[in-house]
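Q: Next up is a structure, given as structure tokens.
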2 protein chains.
Amino acid sequence: MEIQEGKQKFIESWGKMASDWGINRTMAQVHALLLIAPEPLTADEVMEGLSISRGNANMNLRALMDWGLVHKQLKSGERKEYFFAEKDMWTVVRQIIVHRKKKELEPMLKVLDEVANVEPNCPESETFCNVVKDIRLLSNKANQTLDTLIKADSGWFSNIFLRMVR
Amino acid sequence: MEIQEGKQKFIESWGKMASDWGINRTMAQVHALLLIAPEPLTADEVMEGLSISRGNANMNLRALMDWGLVHKQLKSGERKEYFFAEKDMWTVVRQIIVHRKKKELEPMLKVLDEVANVEPNCPESETFCNVVKDIRLLSNKANQTLDTLIKADSGWFSNIFLRMVR
DNA sequence: TTATATTTTCAATATTTTTTGAAAACAAAA
DNA sequence: TTTTGTTTTCAAAAAATATTGAAAATATAA
């Protein structure tokens with residue numbers, strides 16, 4: 001495989017995987033492009049590299065910065081903005097966890113808490129109450145675990161996995 | 001909150017959460033409806049309960065059975081099919097992991113392996129090679145961890161989480 | 001066998017999500 | 001100040017995804 005073909009394939013797969021997980025495909029492709037770029041890129045280079053419009057490039061670069069996966073670099077004497085991706089994969093994973101946890105898991109927990117307040121009526125709705133109880137238990141455990149992961153450093157990450165697969 | 005309102009809210013949130021994660025919203029709502037139903041439901045009851053068409057109900061019930069989250073029950077003397085959800089939450093989580101791992105993580109790993117074969121040319125593309133190397137390492141670890149989780153029983157699940165948050 | 005109940009399929013339609021591109025906003029330089 | 005290069009916005013268009021509903025297929029009963 002040509003190196004250029006490999007890069008192309010990597011960008012495509014990263015985008016495909018992301019869209020399977022409910023993340024905008026182009027956002028992931030911009031991320032992939034910056035991940036494998038040896039130097040920071042301008043918005044124009046991103047547009048060119050992925051054949052996307054200026055608006056699209058701009059929106060997805062902002063979103064990536066919002067997720068903490070991409071940063072801006074200003075070169076002195078230059079007017080253009082340069083963008084580069086966080087290269088440490090553990091930090092990438094951590095940032096994704098932080099973002100999705102806040103935007104998705106936490107609101108779900110909130111709803112579950114609200115819903116759990118129907119418990120007084122539970123004898124008449126046993127199945128419902130049991131399901132809510134079990135999901136709350138599981139989600140809270142997942143939430144705690146994610147908090148631990150977020151706080152853990154790169155070394156801890158490996159350790160946690162090692163402990164789990166042992 | 002009324003119990004009926006609580007059920008409604010639960011179905012909606014379950015659907016919302018799923019669609020955030022790239023899973024069809026209606027599929028998750030059907031799942032939620034069956035989860036909190038004290039007895040198995042017919043396709044007609046699902047249609048009625050969620051105000052969806054017969055085709056939609058049918059497709060999503062099939063998908064849920066394909067994921068191993070819903071099962072069919074035939075009542076003797078009756079012609080209709082009844083559907084009920086797997087209620088054990090750890091089994092639910094396990095089935096979701098099994099399904100998504102097979103459909104998404106494994107294909108990604110395959111692509112990464114292919115892409116990694118450009119390594120001979122790596123000195124000329126250091127950044128790319130490093131990124132691929134790191135992602136492969138991480139994905140393989142995640143893959144192993146998921147395999148362990150899948151094999152683990154309900155008790156193990158709690159243990160693993162407890163070990164991680166300790 | 002034929003009639004009837006039920007499920008499945010899938011082309012057409014509707015909805016949601018993403019992308020475009022040009023105008024507006026902004027910011028540095030002249 | 002005005003000009004020029006650059007980024008941001010967002011309404012309209014395009015693309016992707018989900019849903020409908022009626023016809024076809026299937027299965028049970030008569």
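The values are calculated or read from the model by the stated rules, or taken from the named source; none is laboratory data. In this text, all values refer to a predicted model and were calculated from it rather than measured experimentally. Note: ideal-geometry Cβ built from the backbone for every residue, glycine included; neighbour counts use all protein chains shown. We work out accessible area using only protein heavy atoms, side chains counted, and drop any ligands, DNA or RNA first. Shrake-Rupley method; radii C 1.70, N 1.55, O 1.52, S 1.80 Å.
Q: Which trypsin sites (Lys or Arg not before Pro) in region A:79-128 sit in a loop by DSSP (not H, G, I, E or B) and have at most 16 other Cβ atoms within 10 Å of their own Cβ?
A: A:Arg79, A:Lys80, A:Lys87
Q: To continue, here is another question. Just need log10 I(q)/I(0) for region A:14-54 at q = 0.25, 0.28, 0.31 Å⁻¹, Debye formula, equal scatterers on the alpha-carbon atoms, no solvent, rounded to two decimals.
A: -0.82, -0.94, -1.03
Q: Give the carbon-plus-sulfur fraction of the accessible surface of region A:4-105 in %, rounded to a whole number; probe 1.4 Å, heavy atoms of protein chains only.
A: About 51 percent, which is the carbon plus sulfur part of the accessible surface.
Q: Looking at chain A, which longest stretch skips every one of the GluC sites (Glu not before Pro) that is in a DSSP loop with at most 10 other Cβ atoms within 10 Å, leaving the sites themselves out?
A: That would be A:79-166.
Q: So what is the accessible area of the protein assembly as shown per residue, in Å², with the probe set to 1.4 Å?
A: Result: 52 Å² per residue.
Q: Now for a separate question. Find the centroid of the Cα atoms in region B:8-86 and in region A:59-100, then give the distance between the two in whole Å.
A: 40 Å
Q: A follow-up question, please. List the pairs from B:Lys75/B:Lys103; A:Lys16/B:Lys16; B:Lys16/B:Lys102 whose alpha-carbon separation is above 27 Å, in the order I gave them.
A: B:Lys75/B:Lys103
Q: Give the average, rounded to an integer, of partner chain Cβ atoms located within 10 angstrom of each Cβ in B:121-131.
A: Partner Cβ neighbours, averaged per residue: 4.
Q: Further question: What percentage of all Cα-Cα pairs in the protein assembly as shown are separated by more than 28 Å?
A: 50 percent
Q: How large is the helix-only mean residue ellipticity at 222 nm for chain A, computed as the sum of -39500 (n - 2.57) over DSSP H runs with n ≥ 4, divided by its residue count, in deg cm²/dmol to the nearest 500?
A: My calculation for chain A gives -21500 deg cm²/dmol from helical runs alone.
Q: Sort region B:44-89 into rounded, prolate or oblate with this rule: let a ≥ b ≥ c be the square roots of the eigenvalues of the Cα gyration tensor; rounded if a/c is under 1.5, and if a/c is not under 1.5, prolate when a/b is larger than b/c, oblate otherwise.
A: Note, shape of region B:44-89 comes out oblate.
Q: Let me ask you something else. Hey, any idea what the orientation-averaged projected area of the convex hull of chain B's Cα atoms comes to, in nm²?
A: 14.2 nm²
Q: For region A:89-165, just say rounded, prolate or oblate: build the C-alpha gyration tensor, square-root its eigenvalues into a ≥ b ≥ c, call rounded for a/c under 1.5, and beyond that prolate if a/b exceeds b/c, oblate if not.
A: prolate
Q: Let me ask something additional. Looking at region B:3-85, I'd like the Rg to Rh ratio, where Rg is from alpha-carbon atoms and Rh is Kirkwood's inverse mean 1/r.
A: Rg/Rh for region B:3-85 comes to 0.96.
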